[in-house]
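Notes follow the structure.
The values are calculated or read from the model by the stated rules, or taken from the named source; none is laboratory data. Note that this is a predicted model, so its numbers are computed, not measured. We place every Cβ from the backbone using ideal geometry, glycine too, and count neighbours over all the protein chains shown. Side chains included, ligands, DNA and RNA excluded: accessible areas come from the protein's heavy atoms. Shrake-Rupley method; radii C 1.70, N 1.55, O 1.52, S 1.80 Å.
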Amino acid sequence: MITESERTEFGDFQTPPALACRVVELLNSRGLAPRTVVEPTCGLGSFVEASLTGFRESVAVIAYDVNPDYVQKTSALNRISSTQGRLICQVANFFVQDWTATLESLLEPILIIGNPPWVTASGLGALGSTNLPEKSNFQNRRGLDALTGKSNFDIAEWMLLKLIDAGRSRDVTMAMLVKTSVARRVLSHLWRTGANVEAASIFRFDATAHFGVSADACLLCCQLGSRSSGECSVADLDRPDVSLGRVGWRDGVLVSDLLAYDRQRSLLVSESGSPTFRWRSGVKHDCSTVMELRRVTTGGFVNGNGQHLELEPEYVYPLLKGTDVVHRRVGEVRKWLLITQGKPGEDTSIIAKRAPNTWAYLCAHGEQLDSRRSSIYRSRPRFSVFGVGAYTFAPWKVAISALHKRLVFATVGPIEDRPVVFDDTCYHLSCDCEADARLLASMLNSECSQELLGALVFWDAKRPITTEVLERLDLRRVAARLGLASEFDRFAGAVRPSSQAVFDFDPASVRSAGR
Ligand SMILES: C[S@@+](CC[C@H](N)C(=O)[O-])C[C@H]1O[C@@H](n2cnc3c(N)ncnc32)[C@H](O)[C@@H]1O
């Protein structure tokens with residue numbers, strides 16, 4: 001009997017036999033006729049049994065798992081007369097196995113099938129587990145990427161890439177149940193590195209129904225070969241013949257809808273060009289109980305602990321979150337945000353003089369603020385926040401929620417003469433007047449912009465909207481398409497050339513205006 005933590009550590013969610021049979025049936029119907037099937041993490045053997053019974057009678061199956069109990073149970077399938085000793089099942093740790101030698105020794109065509117563990121390196125780190133590849137930094141991610149958590153990866157992603165690399169000179173097809181995000185990252189890696197994936201398909205299935213876990217999941221099929229198509233068909237596993245579109249590799253990025261992308265490609269920022277405008281993230285503070293406040297009708301604010309506060313208005317701004325933006329609830333705010341800096345790294349001790357109550361409040365909660373876990377706060381002035389700059393304090397903005405599954409751009413103006421700020425679930429562009437903000441919003445909400453952005457977004461991602469996606473749209477080209485070129489040029493002409501911050505507002509002047 002395995003414990004709950006072992007189940008997590010080894011990604012031990014056994015595939016229901018019916019799902020494994022469905023996968024084999026699909027592969028069979030597509031004409032796949034392997035001579036050898038490899039199940040690298042076979043568990044209780046659903047795919048082993050489905051392969052032995054579903055493919056041609058002569059197929060040989062070779063299966064491995066790190067858990068000796070599972071290997072013993074799966075080996076028992078050999079005693080069924082119909083399998084006729086066609087199964088080899090062994091205890092093996094995926095991470096130390098020589099996969100090139102293993103695949104080299106097998107009869108082709110080879111099918112690698114299974115359901116590798118759905119666990120991330122950081123999840124394993126939290127459990128103190130060593131069930132990891134020795135070299136975790138496998139895609140040469142270093143420095144800042146590693147710092148911001150991008151060096152975290154799914155074990156399944158590592159396993160699939162390892163197997164594909166080991167099988168690159170052999171006739172190999174891979175069919176694995178994985179999270180859709182893993183499938184995308186594997187395909188991106190293969191296409192980016194020029195690996196030869198002749199055909200690829202994603203068949204989505206309901207992971208909650210089959211595994212009781214909430215994740216977007218799919219069967220990823222890749223056929224290795226001598227050339228790369230750079231395209232992958234998408235369908236549901238229950239209705240494999242009904243196409244849901246094609247994802248693919250275009251201009252160095254993964255595209256979620258190739259047809260729409262090709263239709264609106266002329267609106268992309270040119271390869272040599274830089275983005276027209278810099279999209280900015282909202283403010284990051286990692287301490288909502290202290291920094292996010294509600295205003296009380298009788299005066300003052302209340303923090304997340306219910307503590308009543310009398311703060312100077314200078315450092316407090318109306319706050320909108322992604323949910324407000326996506327529903328265009330932007331005329332009033334439910335919360336206010338304490339912003340301690342006008343730009344990154346600014347000395348915060350000045351608050352003591354300018355707003356003594358605010359400083360006393362921050363000091364009283366110093367321990368909580370000092371213990372914010374993210375390393376970005378280390379070696380920074382005390383009470384620092386991130387995602388602030390002149391752009392934060394611009395009076396007008398066009399904003400979008402990064403987390404919602406809708407491309408809604410909302411025009412946001414000041415509230416009570418104070419610039420509205422966003423939390424870090426939003427991105428925005430800044431403008432100095434309402435007319436400019438409305439012009440940008442109408443361009444971004446136009447059909448052609450929405451179609452292009454929609455072709456770049458993967459809605460099942462945790463944060464579907466990113467600055468990388470937004471900054472691929474060339475607003476100058478959108479304006480020309482919509483017949484708004486002169487309005488846009490007038491607006492863009494007012495923008496300072498750096499366009500690092502779309503406008504260089506002086507936060508201090510905005511603060512005093514609000515006082
Ligand atoms: C999601 S389960 C899937 C089992 C089986 N493939 C299926 O589809 O039912 C993942 C399996 O990976 C195995 N596993 C985890 N880490 C492993 C490793 N380092 N080497 C080999 N197998 C491993 C676990 O024991 C578990 O049986």
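What to note about this one:
- Some residue of segment 41-48 being within 23 Å of Leu219 (Cβ to Cβ), modelled with pLDDT under 95 and more than 30 Å from the chain's Cα centre (by Cα): no
- Elements of the type helices (runs of 4 or more DSSP H) sitting completely within segment 463-515 and holding at least 1 residues that are modelled with pLDDT under 90: these cover 485-494, 507-514.
- Qualifying residue in segment 315-323 (condition: at positive phi, within 25 Å of the chain's Cα centre (by Cα) and in contact (Cβ under 8 Å) with a residue 40 or more places away in the chain): no
- Residue list for segment 52-79, restricted to those being charged (D, E, K, R) and buried (at least 20 other Cβ atoms within 10 Å of the Cβ): Asp65
- Only residues that are more than 20 Å from Ile2 (Cβ to Cβ), touching a helix residue (DSSP H, G or I) at 6+ places or on another chain (Cβ under 9 Å) and hydroxyl-bearing (Ser, Thr, Tyr) were counted across segment 40-61, and they come to 2.
- Flag if Thr358 is within 25 Å of Arg278 (Cα to Cα) and of a type in the set (Ser, Thr, Tyr): no
- Residue list for segment 276-303, filter: within 30 Å of Ile376 (Cα to Cα), open to solvent by 50 Å² or more (accessible area, probe 1.4 Å) and either of a type outside the set (Ser, Thr, Tyr) or free of Cβ contacts under 8 Å to residues at least 12 places away in the same chain (or both): Arg278, Lys284, Asp286, Arg294, Arg295
- Matching residues, segment 62-100, being near the ligand (Cβ under 9 Å from one of its atoms), more than 19 Å from Thr15 (Cβ to Cβ) and touching a helix residue (DSSP H, G or I) at 6+ places or on another chain (Cβ under 8 Å): Val91
- Among residues of segment 43-61 that are over 11 Å from Arg86 (Cβ atoms), those with a beta-carbon under 7 Å from a residue that is among the basic types (Lys, Arg) at least six positions away or on a different chain give the pairs Leu44/Lys73; Gly45/Lys73.
- Evaluated against (1) over 20 Å from the mean Cα position of the chain (by Cα); (2) closer than 23 Å to Val66 by Cβ, Asn152 falls short on exactly one condition, (1).
- Number of positions in segment 224-271 that are open to solvent by less than 40 Å² (accessible area, probe 1.4 Å) and within 22 Å of Thr466 (Cβ to Cβ): 16
- Considered as a group, the residues in segment 37-51 that are open to solvent by less than 10 Å² (accessible area, probe 1.4 Å) and out of contact with any Cys (no Cβ under 9 Å at 6 or more places or on another chain) include one that is nearest to the ligand (Cβ to nearest atom), and that residue is Gly43.
- Within segment 327-359, the residues that satisfy the criterion of being over 19 Å from Val385 (Cα atoms) and in contact with a Leu (Cβ under 7 Å, 6 or more places away or on another chain) are Val330, Val333.
- Residue pairs whose Cβ atoms lie under 6 Å apart, sitting 6 or more positions apart in sequence or on different chains, and linking a residue in segment 1-30 that is farther than 21 Å from Asp206 by Cβ to a partner that is within 11 Å of the ligand (Cβ to nearest atom) and of a type in the set (Gly, Ala, Ser), are Glu9/Ser129.
- Qualifying residue in segment 122-129 (condition: surrounded by 18 or more Cβ atoms within 10 Å (Cβ to Cβ) and modelled with pLDDT of 60 or more): yes
- Qualifying residue in segment 9-22 (condition: surrounded by fewer than 20 Cβ atoms within 10 Å (Cβ to Cβ) and away from the ligand (no atom under 13 Å from the Cβ)): no
- Exclusive hit being under 16 Å from Trp336 (Cβ atoms) and surrounded by 14 or more Cβ atoms within 10 Å (Cβ to Cβ), set Val408, Val398, Val420: Val420
- Residue in segment 143-159 that is assigned to a helix (DSSP H, G or I), away from the ligand (no atom under 16 Å from the Cβ), within 15 Å of Gln97 (Cα to Cα) and modelled with pLDDT of 80 or more present: no
Yes or no, residue by residue, for (1) modelled with pLDDT under 95; (2) open to solvent by 10 Å² or more (accessible area, probe 1.4 Å):
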site	(1), (2)
Ala175	no, no
Arg185	yes, yes
His189	yes, yes
Ser201	no, yes
Arg204	no, yes
Ala215	yes, yes
